[in-house]
Amino acid sequence: MRILEVPTSTLSELKRSPQNVFDQAQAAKAGIYIFNRKTPVGVVLSVVDYEDLVKENKALQAQLLELKTLARQNHVEPTFTDKQVRGKSLANSKPKIDPNDGWE
């Protein structure tokens, strides 16, 4: 597992002095990797940094949705006339609805 170059602490230190670890995270403006016997087990973030990540994630999700929508709008789907779909004899006529066809 690749570990980012951010400050680290231990699970023991987090248990001993949680506020100290939170203060480190706030001062570093980064997550603090928490290790348990050389294995990363979590990340501590300040509230501000966490909220910023959530806001950025929401903004990126909205941007992605907008880009997907624009891509769909620019992709021209083939369209067909009523005559092409239902044939010349039924084109532009009002369809008959059978209330007993089981779809209601």
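Just so it is clear, none of the values below were taken in a lab; they were calculated from the coordinates. Nothing here was measured: the structure is a model prediction, and the numbers come from that model. As a convention, Cβ positions derive from the backbone with ideal geometry for all residues, glycine included, and neighbour counts pool all protein chains shown.
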(message) If you take mean projected area of the Cα convex hull in nm² from the coordinates, which of (i) 7.0; (ii) 8.3; (iii) 14.8 do you get?
(response) (iii)
(message) Nothing charged except the Cβ atoms of Lys and Arg (+1) and of Asp and Glu (-1): what's the magnitude of the dipole of the chain about its Cα centre? Round to the nearest 20 debye.
(response) 320
(request) Using Cα pairs closer than 8 Å and at least 6 residues apart in sequence, work out the relative contact order for the chain, in percent. (result) 16
(request) Rank-order 5-14, 59-68, 27-36, 92-101 by packing density, defined as the average count of other C-beta atoms within 10 Å over each peptide's residues, highest first. (result) 27-36, 5-14, 59-68, 92-101
(message) Can you show me the helix-derived [θ] at 222 nm for the chain, built from DSSP H runs with n ≥ 4 at -39,500 (n - 2.57) apiece and divided by the number of residues, rounded to the nearest 500.
(response) -15000 deg cm²/dmol
(request) State the answer as a single residue: which of 17, 35, 75 lies farthest towards the positive end of the charge dipole of the chain, with beta carbon charges of +1 for Lys and Arg and -1 for Asp and Glu, about the Cα centre. (result) 75
(message) Report the gain in length on full extension from residue 19 to residue 85: 0.36 nm times residue separation, minus Cα-Cα distance, nm rounded to one decimal.
(response) 16.9 nm
